[in-house]
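Notes to accompany the following structure.
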Amino acid sequence: MDCYEEIKRYFYKVTGIRFDSKIDIVNEKIERAIRLLGYDECSSFIHDVKNDSDVLQKLIDLLTVSMSYFYREIEHFEFIEKELCAKQNKIFSIPCAMGEEPYSLAIYLLEHGKAEFFIDASDISAQAIQEANEGCYLHTKFRYMPEKLFKKYFRQKGNRFCIDEQIKKYISFSVKNLFNLERESSKYDFILCRNLFIYFDQKKKLEALQILSERLLTGGYLIVGKADHIDKDIANLKKIGYKHLKIFRKEA
């Protein structure tokens with residue numbers, strides 16, 4: 001088997017992401033990773049990818065794209081705000097990219113008078129999580145955010161805009177692979193997993209949905225993106241009718 005193909009097959013096994021298009025670009029990224037990490041040949045690189053978690057993480061950082069914006073698809077936030085209980089609500093955002101989604105959700109909930117929540121936010125990219133913890137962004141990230149909120153919650157530092165430290169208290173960031181979550185014990189009232197399933201084939205979709213279902217409390221909600229092709233009930237996840245959104249409730 002061609003070494004690059006072996007890398008892509010292993011990457012699929014670990015992350016669920018299959019590279020079926022833009023093969024030349026993907027191969028260029030793999031070649032760049034081999035060069036940047038100091039390898040002379042692909043065979044030694046794939047050996048370390050399979051056996052050294054640090055090398056695998058660096059490959060993940062180079063091959064994954066963490067693209068999001070503040071206040072994107074806020075109808076999902078509206079739903080969460082309406083369904084929040086009086087108790088402390090636990091929310092999970094995965095993938096959280098560079099923090100745009102969890103920071104946006106925290107701001108939205110606080111602006112609507114809701115403070116009884118905490119957000120665990122994870123992404124498979126260590127580089128993205130580093131950026132999320134810093135909480136500073138270029139102005140292009142705020143194309144959907146109301147100007148009033150942008151001015152209220154962000155302060156300019158050089159050519160970037162940094163989030164109010166008070167918002168960070170509601171969020172904990174960590175590097176996690178969705179397909180390793182079965183080892184976790186945390187349970188959530190809401191899970192946001194938006195625009196990730198577009199990268200999965202049917203096998204990985206079902207596997208991911210089962211894992212996420214196990215992380216939900218009974219009666220909890222899984223919220224996926226508008227572009228995610230999941231339109232029917234899966235196992236104990238039942239689709240609910242709320243506007244045009246794809247939201248699933250975990251049944252007992």
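The values are calculated or read from the model by the stated rules, or taken from the named source; none is laboratory data. Just so it is clear, the model here is predicted, and its values are computed rather than measured. Glycine gets a Cβ as well: all are built from the backbone with ideal geometry, and neighbour counts include every protein chain shown.
Rundown of residues vs (1) of a type in the set (S, T, Y); (2) at pLDDT 95 or above; (3) in contact with an Asp or Glu (Cβ under 7 Å, 6 or more places away or on another chain), yes/no style:
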position	(1), (2), (3)
L181	no, no, no
E184	no, no, no
D189	no, yes, no
N195	no, no, yes
Y199	yes, no, no
K204	no, no, no
E207	no, no, no
Q210	no, no, no
### Considering residues of the range 173-183 that are under 13 Å from the mean Cα position of the chain (by Cα) and polar (S, T, N, Q) only, the residue farthest from Q130 (Cα to Cα)
N177
## Note on the structure
Picked from the range 21-54 (must be hydroxyl-bearing (S, T, Y) and under 30 Å from I198 (Cβ atoms)), the residue nearest to the chain's Cα centre (by Cα) is S53
### Message
Can you report the number of residues in the range 218-252 which are without any contact (Cβ under 8 Å) to a residue 24 or more places away in the chain, surrounded by fewer than 18 Cβ atoms within 10 Å (Cβ to Cβ) and either assigned to a strand (DSSP E or B) or of a type in the set (S, T, N, Q) (or both)?
### Response
3
### Query
Within the range 73-90, is even one residue free of Cβ contacts under 8 Å to residues at least 24 places away in the same chain and under 18 Å from the mean Cα position of the chain (by Cα)?
no
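Given the options K50, K82, name the one that is assigned by TED's automatic domain parsing to the domain that holds E101, part of a helix (DSSP H, G or I) and surrounded by fewer than 18 Cβ atoms within 10 Å (Cβ to Cβ). Steps first, please.
Working: K50 fails: assigned by TED's automatic domain parsing to the domain that holds E101.
Criteria check complete, one pass: K82.
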### Query
Can we say F179 is on the phi < 0 side of the Ramachandran plot and assigned to a strand (DSSP E or B)?
no
#### Entry: Within the range 115-166, considering residues that are out of contact with any helix residue (DSSP H, G or I) (no Cβ under 7 Å at 6 or more places or on another chain) and hydroxyl-bearing (S, T, Y), the one nearest to C96 (Cα to Cα)
S122
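Filtering the range 103-159 down to residues that are basic (K, R) and farther than 24 Å from E75 by Cα, which residue is surrounded by the most Cβ atoms within 10 Å (Cβ to Cβ)?
Within the range 103-159, the first condition is being basic (K, R), and the residues that meet it are 114, 141, 143, 148, 151-152, 155, 157.
With the extra rule that they be farther than 24 Å from E75 by Cα, the set shrinks to 155, 157.
Values: R155: 12, K157: 9.
Of everything passing the filter in the range 103-159, R155 is surrounded by the most Cβ atoms within 10 Å (Cβ to Cβ).
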#### Entry: Lone unmet requirement of (1) in the same structural domain as F154 (by TED's automatic domain parsing); (2) over 30 Å from D2 (Cα atoms) for S125
(2)
